[in-house]
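Enquirer: Structure in structure tokens, see below.
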Amino acid sequence: MEAIFAFIGTPFVNFMKKMDKFGTFILFQLHLVPLIFKRPWRIKQIFEQIEVVGIGTFGVIFLTALFTGLVEAVQLYQGFSKFGAEGFMGYTIFISITRELAPIFAGLMLISQAISSMAAELGTMRVTEQIDAIETLAVDSKKYLLIPRIIATTIALPLLVIAFDFISNLSAFIMAWIVLDMNPNGYIDTIKQLLDFSDIGTGVMKGFVYGYLVGSIGSYVGYHTTGGAKGVGISTTKAVVLSSVTIFIANFFLSQTYLLLKW
């Protein structure tokens, strides 16, 4: 009988522990949001973090976007050529990148490059008691350390999404024109005829949402690190995994919302 209760109870207890952590995260966010609009805004720190997050991630964004566009052109050409529909490749590639691939891939690259280091940095500050030292000086550590990082990721990711859009679509166009020998004018004409502002705007809006989410998760996990050097490693891994999964979940709900709103 004890084994049966243990079999049933253990998953339930684990689930409740995770729900407790999720509730703590939500309460933490409710405390942070007012701090975003509270002075001082620490503009210098925000721009420093934007430089770290944005410029630091641009190199990997460039490579990812470049080869994403090349692969998109090759794969869609193989499929569309079977139906004689190569003329629609331009617009199809364009919206697949701007609406879905750019926000997702840019977000994942930001997580791997910036959020991991953010969680590790904050985790190290926590276990070495630097955060405690800041608070002894009557400085709000959340306002001082977390808010600039969250604002930076919220601003930087949409800009990286726009850069991803441009690089990826340009590489796809060059591949279609030079390698696949497609008519460049026809490729561009389909984009001009069918393109709507929402095709670009929805992806950029996703960038804002993803930027806030991953910045919040990375900051939260790093800020609450325990367990010394080992805990820093665990927090870094946890921040990357949780941020990545959150992006895919948020992508589904945002895409569904755009569909209902006919954007």
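Enquirer: Which ranges mark the helices (runs of 4 or more DSSP H) fully within the range 83-143 that have 3 or more residues being under 30 Å from Phe58 (Cα atoms)? Explain how you work it out, then say what you get.
Expert: Values: elements: 89-95, 102-110, 116-127, 130-136.
Ranges flagged: 89-95, 102-110, 116-127.
Enquirer: Only one of Ser216, Ser235 is touching a Ser or Thr at 6+ places or on another chain (Cβ under 6 Å), under 30 Å from Gln45 (Cβ atoms) and buried (at least 16 other Cβ atoms within 10 Å of the Cβ); which? So that I can check it myself, show each step before the final result.
Expert: Values: Ser216 fails: touching a Ser or Thr at 6+ places or on another chain (Cβ under 6 Å).
After ruling out the rest, the residue left standing is Ser235.
Enquirer: Still on this structure, I have one more. Among the numbered criteria (1) assigned to a loop (DSSP other than H, G, I, E, B); (2) modelled with pLDDT of 80 or more; (3) hydrophobic (A, V, I, L, M, F, W, C), which single criterion is violated by Trp41?
Expert: Here Trp41 meets the rest and fails (2).
Per-residue answers, yes or no, for (1) within 23 Å of Leu259 (Cα to Cα); (2) touching a residue at least 24 places away in the same chain (Cβ under 8 Å); (3) crowded, with 18+ Cβ neighbours inside 10 Å:
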| residue | (1), (2), (3) |
| --- | --- |
| Val71 | no, no, no |
| Ile97 | yes, yes, yes |
| Ala106 | yes, yes, yes |
| Ile115 | no, yes, yes |
| Asp132 | no, no, no |
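Enquirer: OK, next. What do you reckon, is Gly107 in the same structural domain as Arg149 (by TED's automatic domain parsing), touching a Gly at 6+ places or on another chain (Cβ under 8 Å), under 20 Å from Asp199 (Cα atoms) and at pLDDT below 90?
Expert: On the way: in the same structural domain as Arg149 (by TED's automatic domain parsing): yes; touching a Gly at 6+ places or on another chain (Cβ under 8 Å): yes; under 20 Å from Asp199 (Cα atoms): yes; at pLDDT below 90: no.
So Gly107 does not fit the description; no.
Enquirer: Would you confirm whether any residue within the range 248-263 is more than 19 Å from Phe28 (Cβ to Cβ), surrounded by 16 or more Cβ atoms within 10 Å (Cβ to Cβ) and among the aliphatic types (A, V, I, L, M)?
Expert: There is at least one residue in the range 248-263 that is more than 19 Å from Phe28 (Cβ to Cβ), surrounded by 16 or more Cβ atoms within 10 Å (Cβ to Cβ) and among the aliphatic types (A, V, I, L, M).
This table checks each residue for (1) touching a residue at least 60 places away in the same chain (Cβ under 8 Å); (2) of a type outside the set (D, E, K, R); (3) assigned by TED's automatic domain parsing to the domain that holds Ile151; (4) more than 19 Å from Leu110 (Cβ to Cβ).
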| site | (1), (2), (3), (4) |
| --- | --- |
| Gly218 | yes, yes, yes, no |
| Thr237 | no, yes, yes, no |
| Ile249 | no, yes, yes, no |
| Ser255 | yes, yes, yes, yes |
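The values are calculated or read from the model by the stated rules, or taken from the named source; none is laboratory data. Worth saying up front: this structure is predicted, and the values here are computed from it rather than measured. Cβ sites come from the backbone with ideal geometry, for glycine too, and all protein chains shown count toward neighbours.
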